[in-house]
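**Q** I have a structure here, written as structure tokens, and I will follow up with some questions on it.
The values are calculated or read from the model by the stated rules, or taken from the named source; none is laboratory data. Since we're looking at a predicted model, the values are computed, not measured. We place every Cβ from the backbone using ideal geometry, glycine too, and count neighbours over all the protein chains shown.
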Amino acid sequence: MSETVYIETSILGYLTARSTKNLILAANMEITRDWWESRRTAFVLYTSEAVLNEVAQGDAEIAVQRLEILRDFPLLELNHAVQDLAVQFLARSNLPPKANVDAIHIAAATVHGMDYLLTWNCKHIANAQLQGKLAEISLDFGYELPILCTPYELMGD
């Protein structure tokens, strides 16, 4: 059985971003596109209504592109278990209140048993200093935290 990946909003942002002279952003865009072209088919991809809501914002033309990419993705339900775990992440970790949607992404991927959560949000999601506490909170509620990582970390051989 293929491993599962929750695709978080920032991945769609990098897939559809306009070119930039910022070398770090340009490199992240290139890595994201490389992963999307060469590696995504090795996984079963999921997203959620929270991602759909976020990618629908901003530049209308690019928002349509982002929504089109996600058109056939299965959606993970943002049920009570997801909402409750997100509240615990916000209350018991160093996630700030403004990271409430990030907590929803992490909780959705966790509750639904994803293997990975793919993101470029290294401040509130793929953050090594947060992951231990998030894993502990997840275990307290009977869940295993997925691996929170960037496309670079899932490039494979």
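**Q** Do you know which residues across region 19-39 are without any contact (Cβ under 8 Å) to a residue 12 or more places away in the chain and among the charged types (D, E, K, R)?
**A** If the condition is that a residue be without any contact (Cβ under 8 Å) to a residue 12 or more places away in the chain and among the charged types (D, E, K, R), then Lys21, Glu30, Glu37 are the ones that fit.
**Q** Something else now. I want to confirm something. Restricting to region 142-157 and keeping residues that are touching a residue at least 12 places away in the same chain (Cβ under 8 Å) and in a loop (DSSP other than H, G, I, E, B), which single residue is surrounded by the fewest Cβ atoms within 10 Å (Cβ to Cβ)?
**A** Taking the candidates together, the pick is Gly156.
**Q** Please give the number of the condition Leu45 fails out of (1) surrounded by 14 or more Cβ atoms within 10 Å (Cβ to Cβ); (2) in a loop (DSSP other than H, G, I, E, B).
**A** (2)
**Q** Now a separate question. Only one of these is at pLDDT 95 or above and surrounded by 21 or more Cβ atoms within 10 Å (Cβ to Cβ): Leu75, Leu85, Leu52, Leu139. Name it.
**A** Only one candidate qualifies: Leu85.
**Q** While we're here: Given the options Val87, Val64, Val82, name the one that is closer than 15 Å to Gly13 by Cα and part of a helix (DSSP H, G or I).
**A** Val64
Every residue, every condition in (1) of a type outside the set (A, V, I, L, M, F, W, C); (2) out of contact with any Gly (no Cβ under 8 Å at 6 or more places or on another chain), yes or no:
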| site | (1), (2) |
| --- | --- |
| Tyr14 | yes, yes |
| Ile24 | no, yes |
| Glu30 | yes, yes |
| Ala42 | no, no |
| Leu75 | no, yes |
| Val82 | no, yes |
| Ala86 | no, yes |
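**Q** Next question, about the same structure. Select from region 86-119 the residues that are within 15 Å of Leu130 (Cα to Cα) and among the small types (Gly, Ala, Ser) and list them in ascending order.
**A** If the condition is that a residue be within 15 Å of Leu130 (Cα to Cα) and among the small types (Gly, Ala, Ser), then Ala86, Ala91, Ser93, Ala99, Ala103, Ala107 are the ones that fit.
**Q** Within the bounds of region 121-133, is there any residue that is in contact (Cβ under 8 Å) with a residue 12 or more places away in the chain, on the phi < 0 side of the Ramachandran plot, buried (at least 23 other Cβ atoms within 10 Å of the Cβ) and in contact with a Phe, Trp or Tyr (Cβ under 7 Å, 6 or more places away or on another chain)?
**A** For region 121-133, residues in contact (Cβ under 8 Å) with a residue 12 or more places away in the chain, on the phi < 0 side of the Ramachandran plot, buried (at least 23 other Cβ atoms within 10 Å of the Cβ) and in contact with a Phe, Trp or Tyr (Cβ under 7 Å, 6 or more places away or on another chain): absent.
**Q** Please determine, by comparing only the residues of region 88-120 that are β-branched (Val, Ile, Thr) and buried (at least 21 other Cβ atoms within 10 Å of the Cβ), which one is nearest to Tyr152 (Cα to Cα).
**A** Thr119
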